[in-house]
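J.: Provided herewith is a single structure, encoded as C-alpha coordinates, for subsequent inquiry.
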Amino acid sequence: MYYIQEADKLNLIFKLFNIIKLQDDKIILPIKEGNKISKKKCEKLAKKVNKLLMKTNCNKVVVSRVIKQQEEFLNYLYTYNCKIVDGKLLFEILSQKALDYAIKKKKLKKQEVQLSILVNDLSDIMLENIKDIAKQYKKVNIVTNHIQKFKKIEEEMLEEQGIMIVVTNNKKRSLARSQIIFNVDFSTELINQYNIYENAIIINVKEEVKIKKKRFNGINVNDYEIKFEQIEEFDYDKMQKFYHKDLYEAQFNLRQPLKNSIRKINRDKVEIQKLITTNTIL
(Lines give C-alpha, C1' and ligand atoms only; values in the text may rest on other atoms or scores of the structure.)
Protein backbone atom coordinates (compact mmCIF):
# COMPACT_ATOMS: atom_id res chain seq x y z
CA MET A 1 0.00 0.00 0.00
CA TYR A 2 1.33 3.41 -0.99
CA TYR A 3 0.19 6.89 -0.01
CA ILE A 4 0.37 9.55 -2.73
CA GLN A 5 0.71 13.14 -1.56
CA GLU A 6 1.83 16.60 -2.63
CA ALA A 7 5.20 18.12 -1.76
CA ASP A 8 5.53 20.46 1.21
CA LYS A 9 8.23 22.43 -0.60
CA LEU A 10 8.39 22.36 -4.38
CA ASN A 11 11.90 21.97 -5.80
CA LEU A 12 12.20 23.63 -9.24
CA ILE A 13 14.18 20.72 -10.71
CA PHE A 14 11.61 18.19 -9.45
CA LYS A 15 8.80 20.30 -10.92
CA LEU A 16 10.53 20.86 -14.28
CA PHE A 17 11.37 17.19 -14.88
CA ASN A 18 8.29 15.71 -13.15
CA ILE A 19 10.40 13.84 -10.61
CA ILE A 20 8.53 11.80 -8.04
CA LYS A 21 10.04 10.97 -4.66
CA LEU A 22 9.63 7.72 -2.75
CA GLN A 23 9.86 8.09 1.03
CA ASP A 24 9.02 4.91 2.96
CA ASP A 25 5.42 4.15 1.89
CA LYS A 26 4.78 7.67 0.53
CA ILE A 27 4.94 8.73 -3.09
CA ILE A 28 5.53 12.48 -3.16
CA LEU A 29 4.56 14.29 -6.35
CA PRO A 30 5.98 17.63 -7.56
CA ILE A 31 2.62 19.28 -6.90
CA LYS A 32 1.81 22.00 -4.42
CA GLU A 33 -1.55 22.73 -2.81
CA GLY A 34 -3.62 25.14 -4.87
CA ASN A 35 -1.85 24.39 -8.16
CA LYS A 36 -3.94 22.98 -11.01
CA ILE A 37 -1.66 20.90 -13.23
CA SER A 38 -2.01 20.26 -16.96
CA LYS A 39 -3.41 17.11 -18.52
CA LYS A 40 0.01 16.37 -20.05
CA LYS A 41 1.75 16.62 -16.68
CA CYS A 42 -0.93 14.43 -15.10
CA GLU A 43 -0.30 11.77 -17.73
CA LYS A 44 3.47 11.82 -17.14
CA LEU A 45 3.15 11.64 -13.37
CA ALA A 46 0.59 8.82 -13.53
CA LYS A 47 2.86 6.85 -15.85
CA LYS A 48 5.79 7.20 -13.45
CA VAL A 49 3.66 6.23 -10.46
CA ASN A 50 2.41 3.17 -12.33
CA LYS A 51 5.96 2.06 -13.14
CA LEU A 52 6.88 2.33 -9.48
CA LEU A 53 3.81 0.35 -8.43
CA MET A 54 4.54 -2.38 -10.99
CA LYS A 55 8.07 -2.78 -9.62
CA THR A 56 6.69 -3.35 -6.13
CA ASN A 57 3.78 -5.50 -7.33
CA CYS A 58 1.26 -3.12 -5.78
CA ASN A 59 -1.81 -1.55 -7.41
CA LYS A 60 -3.60 -0.11 -4.37
CA VAL A 61 -3.03 3.46 -3.20
CA VAL A 62 -4.42 6.15 -0.94
CA VAL A 63 -4.30 9.74 -2.23
CA SER A 64 -4.23 12.94 -0.20
CA ARG A 65 -6.93 15.60 -0.15
CA VAL A 66 -4.87 17.80 -2.47
CA ILE A 67 -4.14 15.04 -4.98
CA LYS A 68 -7.84 14.11 -5.05
CA GLN A 69 -8.50 17.50 -6.63
CA GLN A 70 -6.36 16.50 -9.63
CA GLU A 71 -9.09 14.57 -11.45
CA GLU A 72 -7.08 14.04 -14.65
CA PHE A 73 -4.28 12.41 -12.66
CA LEU A 74 -6.74 10.07 -10.93
CA ASN A 75 -8.35 9.17 -14.25
CA TYR A 76 -4.97 8.16 -15.65
CA LEU A 77 -4.32 5.99 -12.59
CA TYR A 78 -7.64 4.25 -13.18
CA THR A 79 -6.61 3.46 -16.77
CA TYR A 80 -3.66 1.56 -15.28
CA ASN A 81 -6.13 -0.48 -13.18
CA CYS A 82 -4.90 1.21 -10.05
CA LYS A 83 -7.21 0.80 -7.05
CA ILE A 84 -7.68 4.08 -5.20
CA VAL A 85 -9.02 3.75 -1.67
CA ASP A 86 -12.06 6.04 -1.36
CA GLY A 87 -13.87 4.97 1.80
CA LYS A 88 -16.89 3.55 -0.09
CA LEU A 89 -16.48 -0.01 1.18
CA LEU A 90 -16.12 1.26 4.72
CA PHE A 91 -19.23 3.43 4.28
CA GLU A 92 -21.30 0.31 3.63
CA ILE A 93 -20.15 -1.14 6.94
CA LEU A 94 -20.90 2.19 8.66
CA SER A 95 -24.48 2.26 7.34
CA GLN A 96 -26.12 2.29 10.74
CA LYS A 97 -23.79 4.95 12.10
CA ALA A 98 -24.51 7.15 9.08
CA LEU A 99 -28.25 6.79 9.61
CA ASP A 100 -27.94 7.45 13.34
CA TYR A 101 -25.89 10.58 12.63
CA ALA A 102 -28.51 11.92 10.18
CA ILE A 103 -31.35 11.14 12.59
CA LYS A 104 -29.62 12.95 15.44
CA LYS A 105 -28.69 16.00 13.33
CA LYS A 106 -32.23 16.45 12.03
CA LYS A 107 -33.75 15.67 15.45
CA LEU A 108 -35.94 12.86 14.13
CA LYS A 109 -37.25 9.76 15.90
CA LYS A 110 -36.56 6.35 14.41
CA GLN A 111 -39.96 5.08 15.51
CA GLU A 112 -41.63 7.78 13.40
CA VAL A 113 -39.38 7.73 10.33
CA GLN A 114 -40.14 5.99 7.05
CA LEU A 115 -36.87 4.67 5.61
CA SER A 116 -36.28 3.39 2.09
CA ILE A 117 -33.21 1.38 1.11
CA LEU A 118 -32.36 1.43 -2.60
CA VAL A 119 -30.43 -1.69 -3.56
CA ASN A 120 -30.11 -4.06 -6.51
CA ASP A 121 -26.99 -6.08 -5.68
CA LEU A 122 -27.20 -7.18 -2.07
CA SER A 123 -23.92 -7.96 -0.29
CA ASP A 124 -23.70 -10.05 2.88
CA ILE A 125 -22.76 -6.90 4.81
CA MET A 126 -25.79 -4.96 3.60
CA LEU A 127 -28.12 -7.91 4.28
CA GLU A 128 -27.01 -7.98 7.92
CA ASN A 129 -27.32 -4.19 8.11
CA ILE A 130 -30.86 -4.32 6.72
CA LYS A 131 -31.88 -6.89 9.33
CA ASP A 132 -30.56 -4.68 12.15
CA ILE A 133 -31.94 -1.46 10.66
CA ALA A 134 -35.42 -2.93 10.17
CA LYS A 135 -35.70 -3.56 13.92
CA GLN A 136 -35.31 0.15 14.67
CA TYR A 137 -37.54 2.02 12.22
CA LYS A 138 -41.29 2.42 11.89
CA LYS A 139 -41.38 1.37 8.27
CA VAL A 140 -38.63 0.08 6.01
CA ASN A 141 -38.99 -0.21 2.24
CA ILE A 142 -36.57 -2.14 0.07
CA VAL A 143 -36.73 -0.53 -3.37
CA THR A 144 -35.20 -2.76 -6.03
CA ASN A 145 -35.39 -3.94 -9.62
CA HIS A 146 -34.98 -7.54 -8.40
CA ILE A 147 -38.34 -8.02 -6.69
CA GLN A 148 -38.34 -11.82 -6.62
CA LYS A 149 -34.88 -12.12 -5.08
CA PHE A 150 -35.76 -9.72 -2.29
CA LYS A 151 -39.22 -11.19 -1.69
CA LYS A 152 -37.51 -14.29 -0.32
CA ILE A 153 -35.62 -12.11 2.16
CA GLU A 154 -38.84 -10.31 3.07
CA GLU A 155 -40.54 -13.64 3.87
CA GLU A 156 -37.55 -15.01 5.81
CA MET A 157 -37.30 -11.92 8.00
CA LEU A 158 -41.02 -12.04 8.80
CA GLU A 159 -41.06 -15.77 9.56
CA GLU A 160 -37.76 -16.04 11.47
CA GLN A 161 -37.57 -12.68 13.27
CA GLY A 162 -41.04 -11.19 13.02
CA ILE A 163 -39.59 -8.18 11.21
CA MET A 164 -41.75 -6.64 8.52
CA ILE A 165 -40.23 -4.90 5.52
CA VAL A 166 -41.87 -3.96 2.23
CA VAL A 167 -40.21 -4.88 -1.05
CA THR A 168 -41.35 -2.63 -3.88
CA ASN A 169 -40.41 -0.95 -7.14
CA ASN A 170 -43.31 1.46 -7.49
CA LYS A 171 -41.77 4.56 -9.05
CA LYS A 172 -44.66 6.83 -8.01
CA ARG A 173 -45.10 5.72 -4.40
CA SER A 174 -41.93 3.96 -3.13
CA LEU A 175 -40.06 7.14 -2.14
CA ALA A 176 -42.89 9.67 -2.06
CA ARG A 177 -43.08 9.68 1.77
CA SER A 178 -39.62 8.49 2.75
CA GLN A 179 -37.91 10.99 5.05
CA ILE A 180 -34.64 9.07 4.73
CA ILE A 181 -33.46 7.33 1.56
CA PHE A 182 -30.41 5.11 1.92
CA ASN A 183 -29.13 4.61 -1.61
CA VAL A 184 -26.77 1.65 -1.80
CA ASP A 185 -26.25 1.33 -5.56
CA PHE A 186 -28.86 3.26 -7.61
CA SER A 187 -27.32 5.53 -10.27
CA THR A 188 -28.32 9.15 -10.94
CA GLU A 189 -30.34 8.04 -13.95
CA LEU A 190 -32.20 5.36 -12.01
CA ILE A 191 -33.03 7.28 -8.82
CA ASN A 192 -34.41 10.22 -10.80
CA GLN A 193 -37.07 7.96 -12.30
CA TYR A 194 -38.80 7.89 -8.89
CA ASN A 195 -41.01 10.45 -7.15
CA ILE A 196 -38.87 11.61 -4.22
CA TYR A 197 -40.12 13.24 -1.03
CA GLU A 198 -39.07 16.85 -1.48
CA ASN A 199 -37.47 17.19 1.99
CA ALA A 200 -35.82 13.76 2.11
CA ILE A 201 -32.32 13.05 3.38
CA ILE A 202 -30.61 10.93 0.70
CA ILE A 203 -27.42 9.10 1.67
CA ASN A 204 -25.55 7.69 -1.34
CA VAL A 205 -23.16 4.88 -0.45
CA LYS A 206 -21.36 3.66 -3.57
CA GLU A 207 -21.36 6.51 -6.05
CA GLU A 208 -22.05 10.22 -6.33
CA VAL A 209 -25.64 10.95 -7.32
CA LYS A 210 -27.27 14.16 -8.52
CA ILE A 211 -30.96 14.75 -7.80
CA LYS A 212 -32.51 16.52 -10.78
CA LYS A 213 -36.03 16.99 -9.38
CA LYS A 214 -36.92 20.70 -9.40
CA ARG A 215 -39.03 20.43 -6.24
CA PHE A 216 -36.37 18.57 -4.27
CA ASN A 217 -35.31 20.72 -1.33
CA GLY A 218 -33.79 18.05 0.87
CA ILE A 219 -30.23 16.91 1.63
CA ASN A 220 -28.27 14.79 -0.84
CA VAL A 221 -25.19 13.22 0.79
CA ASN A 222 -22.40 12.04 -1.51
CA ASP A 223 -19.45 11.82 0.87
CA TYR A 224 -18.52 11.62 4.54
CA GLU A 225 -15.67 11.86 7.00
CA ILE A 226 -14.96 9.98 10.22
CA LYS A 227 -13.01 10.39 13.42
CA PHE A 228 -11.38 7.62 15.41
CA GLU A 229 -9.02 7.18 18.32
CA GLN A 230 -6.79 4.36 17.18
CA ILE A 231 -4.77 3.49 14.12
CA GLU A 232 -2.23 0.71 13.64
CA GLU A 233 0.49 3.13 12.61
CA PHE A 234 0.10 6.77 13.64
CA ASP A 235 1.63 9.21 11.17
CA TYR A 236 1.06 12.92 11.80
CA ASP A 237 1.68 13.80 8.15
CA LYS A 238 -0.93 11.31 6.95
CA MET A 239 -3.49 12.41 9.53
CA GLN A 240 -3.11 16.00 8.32
CA LYS A 241 -3.03 15.43 4.56
CA PHE A 242 -5.40 12.50 3.99
CA TYR A 243 -9.09 11.87 4.61
CA HIS A 244 -9.41 9.81 7.76
CA LYS A 245 -12.01 7.54 6.14
CA ASP A 246 -9.46 6.59 3.48
CA LEU A 247 -6.71 5.97 6.03
CA TYR A 248 -8.98 3.80 8.13
CA GLU A 249 -10.28 1.77 5.17
CA ALA A 250 -6.71 1.25 3.93
CA GLN A 251 -5.74 -0.66 7.09
CA PHE A 252 -9.13 -2.32 7.64
CA ASN A 253 -9.88 -5.98 6.90
CA LEU A 254 -12.97 -5.62 4.73
CA ARG A 255 -13.39 -9.38 4.26
CA GLN A 256 -14.11 -10.23 7.87
CA PRO A 257 -17.69 -10.92 9.08
CA LEU A 258 -19.78 -7.82 9.83
CA LYS A 259 -19.89 -8.61 13.55
CA ASN A 260 -16.08 -8.59 13.72
CA SER A 261 -15.96 -5.35 11.72
CA ILE A 262 -18.44 -3.66 14.06
CA ARG A 263 -16.47 -4.91 17.06
CA LYS A 264 -13.28 -3.34 15.71
CA ILE A 265 -15.05 -0.11 14.76
CA ASN A 266 -16.46 0.22 18.26
CA ARG A 267 -13.08 -0.60 19.80
CA ASP A 268 -11.43 2.12 17.71
CA LYS A 269 -14.29 4.50 18.58
CA VAL A 270 -15.02 5.26 14.94
CA GLU A 271 -17.75 7.86 14.51
CA ILE A 272 -19.21 9.78 11.58
CA GLN A 273 -17.74 13.27 11.84
CA LYS A 274 -19.77 14.77 9.00
CA LEU A 275 -21.96 13.89 6.03
CA ILE A 276 -20.99 15.97 3.01
CA THR A 277 -23.34 17.28 0.33
CA THR A 278 -22.60 19.39 -2.74
CA ASN A 279 -23.18 22.72 -1.01
CA THR A 280 -23.19 22.05 2.70
CA ILE A 281 -22.21 19.73 5.55
CA LEU A 282 -24.67 17.87 7.74
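J.: Looking only at residues that are touching a residue at least 12 places away in the same chain (Cβ under 8 Å) and out of contact with any strand residue (DSSP E or B) (no Cβ under 7 Å at 6 or more places or on another chain) in segment 15-33, which one is farthest from GLN69 (Cα to Cα)? Write out each step before concluding.
T.: First, the residues of segment 15-33 that are touching a residue at least 12 places away in the same chain (Cβ under 8 Å): 15, 18, 20-22, 25-33.
Now drop any that are not out of contact with any strand residue (DSSP E or B) (no Cβ under 7 Å at 6 or more places or on another chain), which leaves 15, 18, 22, 30.
Values: LYS15: 18, ASN18: 18, LEU22: 21, PRO30: 15 Å.
Checked segment 15-33; the qualifying residue farthest from GLN69 (Cα to Cα) is LEU22.
J.: Within the set of pairs 6+ apart or on separate chains, which have a first residue in segment 88-105 that is of a type in the set (Lys, Arg), a second that is surrounded by 20 or more Cβ atoms within 10 Å (Cβ to Cβ) and not in a helix (DSSP H, G or I), and C-beta atoms under 9 Å apart?
T.: LYS88/VAL205; LYS97/ILE226; LYS97/VAL270; LYS97/ILE272; LYS105/ILE201; LYS105/LEU275
J.: Taking the options ASN35, ASN120, name whichever one is in contact with a His (Cβ under 7 Å, 6 or more places away or on another chain) and either not basic (Lys, Arg) or not assigned by TED's automatic domain parsing to the domain that holds ILE147 (or both).
T.: Details: ASN35 fails: in contact with a His (Cβ under 7 Å, 6 or more places away or on another chain).
Residue meeting the stated conditions: ASN120.
J.: Pick out, from segment 163-263, the helices (runs of 4 or more DSSP H) lying fully within it that include 1 or more residues that are under 18 Å from LEU115 (Cα atoms).
T.: Numbers: elements: 188-191, 236-241, 244-250.
Ranges flagged: 188-191.
J.: Among the residues in segment 107-130, are any without any contact (Cβ under 8 Å) to a residue 12 or more places away in the chain and within 24 Å of TYR197 (Cα to Cα)? Step through it out loud before you land on a result.
T.: Filtering segment 107-130 down to residues without any contact (Cβ under 8 Å) to a residue 12 or more places away in the chain leaves 107, 109.
From the residues that got through so far, the ones that are within 24 Å of TYR197 (Cα to Cα) too are 107, 109.
Yes; the residues of segment 107-130 include at least one that is without any contact (Cβ under 8 Å) to a residue 12 or more places away in the chain and within 24 Å of TYR197 (Cα to Cα).
J.: Tally the residues that are among the charged types (D, E, K, R) and more than 21 Å from the chain's Cα centre (by Cα), restricting the search to segment 167-197. Break it down into steps so the answer makes sense when it comes.
T.: Residues of segment 167-197 that are among the charged types (D, E, K, R), as a first pass: 171-173, 177, 185, 189.
Adding the requirement that they be more than 21 Å from the chain's Cα centre (by Cα) leaves 171-173, 177.
Qualifying residue count, segment 167-197: 4.
J.: Could we say that GLN193 is modelled with pLDDT under 95 and assigned by TED's automatic domain parsing to the domain that holds TYR101 here?
T.: Details: modelled with pLDDT under 95: no; assigned by TED's automatic domain parsing to the domain that holds TYR101: yes.
No; evaluated as a whole, the condition is false for this residue.
The values are calculated or read from the model by the stated rules, or taken from the named source; none is laboratory data. In this text the structure is predicted, and so the values were computed from the model without any measurement. Because the Cβ atoms are built from the backbone with ideal geometry, glycine has one as well, and the counts that use them run over all protein chains shown.
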